[in-house]
Structure formats: structure tokens, C-alpha cells
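Taking it in order: structure first as C-alpha cells, then the write-up.
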Amino acid sequence: MIATLERPRSTSSNNSDLIVASLEGVNKNYGNIQALRGVDFRVRAGEIVALLGPNGAGKTTAVKLLLGLMPPKSGRVRVFGGDPTSPENRMRTGAMLQVGRVPETLRVREHIDLFSTYYPSSLPAKEIMAAAGLEGLGERKFGDLSGGQKQRVLFALAICGDPDLLFLDEPTVGLDVEARRMLWDEIRQLVRRGKTVLLTTHYLQEADALADRIAVINKGEIIAEGTPATIKAQTGGKKIRCITNLSISSLLRIPGVLEVKEDREAVELHTAEAEPVVRELLSRDPALSGLEVTSAGLEEAFLALTQDGSRNGNRAN
Amino acid sequence: MSSATITLSRVQVQRSPRHTTRIYIKEAKYEFLKNLRLRVYTASVLSFPIMFYILFGLVLNSNQAIGGMRVPTYLIATYGTFGVMGASLFGTAAGLASDRGLGWLQVKRASPMPPFAYFTAKVVTSMIFSAFIVIALFTLGVTLAGVRMPVGDFVRLLATLVAGSLPFSAMGLAVGYFAGPNSAPAAINLMYLPMSFCSGLWVPFMFLPKVVQKIALVLPPYHLSQLALGVVGAGTHESVVTHWEVLAAFTMICLGIARIGFQRDQEKMYG
């Protein structure tokens, strides 16, 4: 009954059916607040999945359920085909959670030493320190570290047991650009070594840069799921930004314009195809300036998916 | 590069008893180091009983006697109880409330740490600090006030007080499960200071008002201090067995409350 998988070193769209973690029809409440509603979600072996959503969307709740830190109200949570709370599963799982306070008087080296002891086959301390970018910081007390360094220690604790499955809850919060890129490289490295990663983020760029698959979550529901490309394609289109004298209502009457937003002195138009709209804009307003055309990134896709529709901007139709 | 293998089957990862023992030892070691380096902890928990002892036992009343017993000897038992209680309550409750309320305990729970190792580490650490306080008081008494007692008596006194750390560690766990990370120290002080006074740890029991003496009978520190005083020869009011029974019952009640908190935490999210 042993299902094994020799993972090829490809990244995107892994064709493996081996599901290492899943939420099946999961509901979770905190008092009257419904944190998750009927969530179905799977993580397959060897992939990086990003759970993308705004604050309070239910990302952390999903991770905590998968870590067996609390039970769902209904539905099923499975990790490695079994109960997430089992000690066997915990030995194969690493977790980086958002923590308010970590014991500050212990040194980095000591924190890693303790967590390494929990696992049956932990990595050598030197390797962990290198992987997390903590070289030279071993003797520092946790309380004396910068925000980014603290974050890296938490990452080190997540990987120290060389787990097969890694949960990273907002791993790069508070990191500067360089540290963030370093951590991304490290996460990619892990997947190359055959690990599976579920990360949550509200950085759209992060999900785009890292994930094989993105699940967009909002108000406790998964509202879109697919590769970064498919997610983008769901809204797709271009963004046109310019400074113009034309009124919003007249801009909305231009064929092909889906949405118009005012942004300080400029306006932003959302459209499927840029060229006809730009031609029309220039002919209607010769004084138009500051023209920029960009493809709608994940940011727009995300906003479009999570928006209530009327709140932010004026929509055509 | 190692070719990775992921299996869905139950992996045989049984910990050897030696590995488990190592986890318990490291957990306790780092809990101890953590508290030792925590100035808030050492400053209040260690220095108060020692300062009180120096002031009231050595500087002011060293030639006085209470009920036929020299003050420096008597106070080793009562300030010893005071110190044990503080070390145990703060050692467990403050850390637990903070770990629980600010997310650190979830990181530990998500790891394969045996949950019991966490609690054991706190209790063991409290016992080590308790022992340290008693030894410090004794050393001061012997060297500066000429306190003398047979080695056997001292060992019994030490063992009694260190064992007495258990009920207060249990109480600390109960408080730590129900107090918030910021309110825990205040909550402990609200119980610890009045209890110390009413149990005769600051003012000898016989000098307390009658009403307070009645209250003391239901307070665990009173019973622990009477056991300690019994060892050094100051008469106990009740039998030794009664004192231990009260402390054991108190421990069980506190553990029961802590257990309710533990189970409640499994259902709830923090942070």
C-alpha cells in the first residue's frame, strides 16, 4: 500500500494526483463569525500552492486546520491521508506561523537546537542556519534580532526537521525586498528537493512569483483556483492610465472600456484590448498626457475577484 | 541531490525512549535558561525572598525568637515557602499565558513536541528555582546568623519545599490558561501577595489577627509553611498528613482547571 512518487524536477502544473493535504467541505466558525464556508482545497505532492487573500479571508484558519491546531465545525481535514494531529504527521510537517512573541531570552542557536530535537531526522544546525540566512547570528538572543531576522528564525524552525510538507503562513511579512527574494529562493529550493509547500500571502506578487497554483480566498470561500496564468486570464485585459479632461461618464461610453477609476489627477481604464481604446482616447482628447498601458497583473485580477462590484470604481454595464 | 520520495502510507517514525528523554531534558534546559535570563523573573522571584530574609531575618531580628525558635531559622521556612510559591506561580503562569496568548504555543503544538514535555519543563524549572531559593536562604542563615541544623533536617526541609512547588506550579498552569498574556502577572500578584500575608509568610502566624488565622486554614501556602516549620521544629498546628492532603487536593483541583483550559484552547483560536 505504499504509494511513492519520484518527483521530476519540473515546477508548474505537476501532474501528480498524490494529494498530501486537503480540506473537504470544511466549515469553521469562531462564535458567530464564519471563517470558512464549504472550503474544498487540495495540495498535491511536490507543488507550491499559494492561498491568496486579504486579511481576515480565512487563510490562517485554513492553515491551522491543516496543522491540526483546531478541529473544523464540519467537513474533513486530511494530511498524508490521515489525521493532521497524529504525531507521525507532525514529524513530517513544518510550520511557520504568525507569532506575537517568541521567547526572547533564548539564542537563535538554542531555538533551533530545541526544535531540531523534536524531529526524528533533523538537518544539521549549520545547514539550517545557512538555508534561513542566519549565519553569524547563532549567539544572538531572539529579542535582539530585527523583524526580518526574527522571521527567518521562524522559517528555520519550520524547516529544521526536514519535513515533507511545509506550511508557511505569511512568511515574508516584514521582510525587506532582498530578504524576501532570498526566502523565495529558499522555498523554491525546498520544492526542488521534493518538498511540498503551502504558503499564504496577501502579496499578489509573491503568489505569482512562487506558486505553481493559486487559490484565491475571500470571506472564507475559495473564489478562484488555478495557475497564476489562469487566474490572470480570468480577468485579463489591460490597464490604461492617463491624464485627461474627459469626464468619467464619457470615458465609460468608449467602446471596450470595462471600468474607470480615478486615481489622483489621473484616471485608470480597464479594458480587454488596449489599442482601440487608446486610439479613441487620443482622438477625443488631443491634450491627453501621461499615457501608460500595462497588462492587468495579478493585482487587478485579485481585486476584480474579491471586489463586491460597486465599491471601488465605476463599472460599465 | 537526493531524489525525494513522498509516501502517503503511515511512516514508521517511532521515537526511541532515549530520543523522548532527550526532548524532555532539552525542553527543561531551555525553559530554565529562558527564565534565568529573564530579568523580570529573576529580579522579582529570586531577589524578594532573599532581600526580605536579609532584612527581617538577619539585619533586624536576628537575636529574637518566635515560639522558642530563633528568627533566622524560622524565617528560612516561611520565606522559603514564599519564594517557592513565587518562583512556581510566575514560572508557570506568566510564560504559559504569554505563549498561549501570543501564538508561540501554537508553533510548538504544530511541531512534533510531546505536549507533556512543555508542562514538565515548566514544573521542573520551577522546582530548580525553588531549590535555589531555599539553598540561598539557608546559606545566608548559616553564614551570617549562625543557623545550625542537622544535615538530615536540611535535606528534609529542602525536599519539602521543593515538593511544595508542585501545587503552585499546578495553580500557575490554571491561571496561565485563563489569564491573558498581559494580565497574568497582575493576576498572580493579586493571589500571591494576599495569600502570602494571610498564610503567615511575612508576619509569623501567631501574630496574625484571629480572622486571618481562620482564613489561613484553607490556603495552601499556610499548609506548606507549616510542613516546613515542622521540619525545623516549630510546632505544626495540624498533623503532617493533613497538610499534605490539603496540598494534594489543591493540586488536583488546579490541574483539573488547567485541563479545562487546555481543552478549551484546542477549540479556540488566538492571535
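Values as computed for the structure displayed
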read-out: DSSP-defined antiparallel bridges as percent of all bridges, the protein assembly as shown, nearest 5; value: 70
read-out: Integer Hz, Karplus 6.51/-1.76/1.60 couplings in order for segment B:244-258, x for Gly and Pro; value: 4, 4, 4, 5, 5, 5, 4, 4, 5, 4, 5, 5, x, 5, 4
read-out: Cα centre as origin, Lys/Arg/Asp/Glu Cβ charges: the protein assembly as shown dipole, Debye; value: 1360
read-out: Among A:157-166, B:176-185, the order from most to least packed when residues are scored by Cβ within 10 Å on average; value: A:157-166, B:176-185
read-out: Amide H contacts under 5 Å for B:Val147, placed H, 5+ residues apart; value: B:Val142
read-out: Between segment A:212-254 and segment B:236-267, the Cα center-to-center distance that results, in Å; value: 60
read-out: In degrees, nearest ten, helix B:151-163 long axis to first principal axis of chain B (Cα); value: 50
read-out: Other-chain or far-sequence residues with amide H under 5 Å of A:Ala35's (modelled H); value: A:Lys28, A:Asn29, A:Tyr30
read-out: Karplus (6.51, -1.76, 1.60) ³J(HN,Hα), θ = phi - 60°, over segment B:138-143, in Hz, Gly and Pro reported as x; value: 4, 4, 4, x, 5, 7
read-out: Test item: B:191-201 mean partner chain Cβ contacts at 10 Å; value: 0
read-out: Karplus-derived 3J(HN,Hα), 6.51/-1.76/1.60, for each residue of segment A:255-264, Hz, glycine and proline x; value: x, x, 7, 8, 7, 10, 10, 8, 9, 6
read-out: Packing-based ranking, highest mean first, of A:239-245, B:260-266, B:44-50 given that Cβ atoms within 10 Å are counted; value: B:44-50, A:239-245, B:260-266
read-out: Calculated FRET value between A:Ser86 and A:Thr230, using beta carbons and R₀ = 41 Å, to 0.05; value: 0.75
read-out: Highest to lowest packing among B:116-124, B:104-112, B:78-86, scored as the average C-beta count within 10 Å; value: B:78-86, B:104-112, B:116-124
read-out: Residue order, fewest to most surrounding Cβ atoms within 10 angstrom, among A:Asp208, A:Asp285; value: A:Asp285, A:Asp208
read-out: Sequence-distant lysines (8 or more away, or on other chains) whose Cα lies within less than 29 Å of B:Lys210; value: none
read-out: Gyration tensor (alpha-carbon) shape descriptor, segment A:166-217, a/c threshold 1.5; value: oblate
read-out: DSSP beta bridge pairing in segment A:19-232, given as percent antiparallel to the nearest 5; value: 55
read-out: Test item: B:32-44 mean partner chain Cβ contacts at 10 Å; value: 2
read-out: Net length gained if the chain between B:Asp153 and B:Gln266 were fully extended (0.36 nm per residue, minus Cα distance); value: 36.2 nm
read-out: Long pairs among A:Lys150/B:Lys108; A:Lys232/A:Lys261; A:Lys73/B:Lys122; A:Lys73/A:Lys195; A:Lys126/A:Lys195, criterion Cα-Cα beyond 24 Å; value: A:Lys73/B:Lys122; A:Lys73/A:Lys195
read-out: In degrees, nearest ten, helix B:71-89 long axis to first principal axis of chain B (Cα); value: 20
read-out: Unit charges on C-beta of K, R, D, E only; dipole of chain A, Debye; value: 540
read-out: Centre separation in Å (Cα based) which lies between segment B:134-207 and segment A:155-190; value: 45
read-out: Degrees, to the nearest 10: B:220-232 long Cα axis against longest axis of chain B; value: 60
read-out: For A:Ile48, distant residues with modelled amide H under 5 Å away; value: A:Val197, A:Asp212, A:Arg213
read-out: A:Glu104-A:Leu291 FRET efficiency (beta carbon distance; Förster radius 41 Å; 0.05 resolution); value: 0.20
read-out: Positive-end residue, the protein assembly as shown charge dipole about Cα centroid, Cβ charges, pick of A:Gly194, B:Thr143, A:Val49; value: B:Thr143
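Every number here is computed from the coordinates shown, using simple stated rules; none is lab data. Bear in mind that the values here come from a model prediction, so they are computed numbers and not experimental data. Positions of Cβ are generated from backbone atoms using ideal geometry, with glycine treated the same way; all protein chains shown enter the neighbour counts.
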